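Engineer: A single structure is presented below for examination.
The values are calculated or read from the model by the stated rules, or taken from the named source; none is laboratory data. Owing to the predicted nature of the structure, the values given are computational and were not obtained by experimental measurement. Because the Cβ atoms are built from the backbone with ideal geometry, glycine has one as well, and the counts that use them run over all protein chains shown.
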Amino acid sequence: MAERGAGETTGVLPAQRLREAIEREWIVAGAWRIPGESVQPASVDLRLGERAWALRCSFLPDSDSTVEQKAEDLAFEEIDLRDGATLERDRPYLVPLIEELRLPDEIRAKANPKSSTGRLDVFTRVLTDRNHRFDEIAAGYRGQLYLEVVPRTFAIRVKTGLALNQVRLIDGDGRLSDRELLALHGQVPLLFRDGQPLAAGSLSLGDGLFLSLDASGGPDATVGYRAKKNSLPIDLTKVGALRWQEYWEPVRPEAKQRIVLEPEVFYLLLSAEGVSIPPSYAAEMLAYDPTAGELRTHYAGFFDPGFGYSRKRDTTGSRAALEVRARDVSFMVEHGQPVCKLAFERMAEEPDVLYGEDVGSNYQGQQTMLSKHFLGQPADADA
C-alpha cells in the first residue's frame, strides 16, 4: 500500500500532491494516460469510458454487491461511446470511467459534477463497489469508478474521454467551523456585496456561509435564464458552438424584485454575493435543505482554491451560479433570499496553481451563468 511522504499534512490534496498521487498510482487509468490538464487546483477530472448502459432506473449497490452485479437486471441496452452517442432526456445511464482508484488507508475521496455539467441540468453521481452512498468514496478504496448520468432538460451528445465529473482526495477532516469561518473572513474577505466585503454582522452562518439570490434590477434586467423545452441535443465536446437563444430564455424580475419559478423547470440564476476562495481553502455548495423551501438550488457545487480571488486583492469575488428547480408547485424567490450554503475546507497545503488564469478557468469573474458551450453570451439583458 502506498504511503504519504514525510511532512505531508491533512486536508484536501492540492494539485502538486494530486500529481504525486498519480505517480504513486493512487489514481490509475489502465492503458490511458492521465493528462496534465486533468489535474485542477484541488481535483482530478474523471473521464467517460468506452461504453454506457441505458438503465431502467437508478440504484445503489449494497455491501455485498459490485456496481456491475447490481446493474445486470436494470440495464437493457449497451451503447458504444467511442465515436460519440446521444443520451436521451430523463433516462439514467451508467458509464464505467477511465480512471480507477487505489487509495491508501488514510485517504478518502469525494466526487462532484464539473461546473458545466450542472449548468446544463445533467444530473451525475459517482458509484463505487459495495458502497451505498453516491459520490462519497471510502478511505482505502481500490477499484473501478462508475458514473450515473441523467440528462434532465436537454439530450446530450457525449464521447469517450469527456469529463463530466471530478474527484478530490482528502486526508482527515479539514472542515471549518462557523467560528473559524468568521475569523477567516476577518482576515481575507470571503463574501462581497456591492463591491464591498460583507460586514461580519451581515454574514449568515449555520455550519457554513449562506448565499442569497440576485433578483435585483428593473423590469428589463436579466437576472437569469429559463431552459426551453424540446431543444436540440447539446454536444458537450464542443465549446462556444451553440446560440444560447435556441436553448434559453431570459428571466426578468417582477415588481418587488422577485421571481416566480415554474415547477419542474430548470433555471440558472446568480448569487447576490461575490465569492472569494483563498488559496489555502476550498469550498463546497451543500445539498439543499428541505426546510428552506420547495426548491433544489444546485447540482455542481465545488469551488477550487482561487475562485474569485486575487493575490493583489483587487477583485470583489465571482458570483456563484445557482442551478435551481422548483418542486411540485410554483415557488417565489426574492432578492436577497438565502438559497444555498457554502462549507469551507482546508487544503493540505496551498496548490501550486489556482483557479483562474493558472488553469484557464471558464467561470472566473463570471457575469452570466450560461455554460461554456454557448457563444455570444450576454453579460446583461441587452448584450
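Engineer: Would you please list the contacts, defined by Cβ atoms under 7 Å and residues six or more apart or on different chains, that run from a residue in the stretch 166-195 that is more than 15 Å from Val275 (Cβ to Cβ) to a residue that is at pLDDT below 95 and among the charged types (D, E, K, R)?
Structural biologist: Qualifying pairs under 7 Å: Gln166/Lys114; Asp178/Asp207.
Engineer: Going by the conditions given, is Ala139 surrounded by fewer than 22 Cβ atoms within 10 Å (Cβ to Cβ), in contact with a strand residue (DSSP E or B) (Cβ under 7 Å, 6 or more places away or on another chain) and either within 18 Å of Ala155 (Cα to Cα) or at pLDDT 95 or above (or both)?
Structural biologist: Details: surrounded by fewer than 22 Cβ atoms within 10 Å (Cβ to Cβ): yes; in contact with a strand residue (DSSP E or B) (Cβ under 7 Å, 6 or more places away or on another chain): yes; either within 18 Å of Ala155 (Cα to Cα) or at pLDDT 95 or above (or both): yes.
Yes; evaluated as a whole, the condition is true for this residue.
Engineer: When you scan the stretch 194-209, how many residues do you find that are part of a strand (DSSP E or B) and surrounded by fewer than 18 Cβ atoms within 10 Å (Cβ to Cβ)? Break it down stepwise before answering.
Structural biologist: First, the residues of the stretch 194-209 that are part of a strand (DSSP E or B): 196-197, 205, 209.
Going one step further and asking which of them are surrounded by fewer than 18 Cβ atoms within 10 Å (Cβ to Cβ), we end up with 196, 205.
Number of matching residues: 2.
Let's see how each residue does on (1) out of contact with any Lys or Arg (no Cβ under 8 Å at 6 or more places or on another chain); (2) surrounded by 15 or more Cβ atoms within 10 Å (Cβ to Cβ); (3) not aliphatic (A, V, I, L, M):
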| position | (1), (2), (3) |
| --- | --- |
| Ala15 | yes, yes, no |
| Arg19 | yes, yes, yes |
| Val39 | no, yes, no |
| Ser43 | no, yes, yes |
| Leu48 | no, yes, no |
| Ala52 | yes, yes, no |
| Pro61 | no, yes, yes |
| Val67 | yes, yes, no |
| Asp83 | no, no, yes |
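Engineer: Is it fair to say Ala215 is crowded, with 20+ Cβ neighbours inside 10 Å, over 30 Å from Leu46 (Cα atoms) and assigned by TED's automatic domain parsing to the domain that holds Gln337?
Structural biologist: yes
Engineer: Considering each residue of the stretch 332-360, count those that are more than 20 Å from Gly301 (Cβ to Cβ) and in a strand (DSSP E or B), and give that number. I'd like the intermediate steps shown before the answer.
Structural biologist: Initially, the stretch 332-360 is screened for residues more than 20 Å from Gly301 (Cβ to Cβ), giving 332, 334-336, 348-350, 352-353, 357-358, 360.
Within this subset, residues satisfying the condition of being in a strand (DSSP E or B) are 332, 334.
The qualifying residues number 2.
Engineer: Among the strands (runs of 3 or more DSSP E) contained in the stretch 36-110, which hold 2 or more residues that are more than 22 Å from Thr153 (Cα to Cα)?
Structural biologist: By residue number, 44-47, 75-80, 93-102.
Engineer: Mind telling me which of the residues Ser212, Ser271, Ser216 ends up being part of a loop (DSSP other than H, G, I, E, B) and of a type in the set (Gly, Ala, Ser)?
Structural biologist: After applying the criteria, what remains is Ser216.
Engineer: Let me ask something additional. Any idea which of Gly240, Gly306 is surrounded by 23 or more Cβ atoms within 10 Å (Cβ to Cβ), part of a loop (DSSP other than H, G, I, E, B) and either modelled with pLDDT under 90 or small (Gly, Ala, Ser) (or both)?
Structural biologist: Gly306
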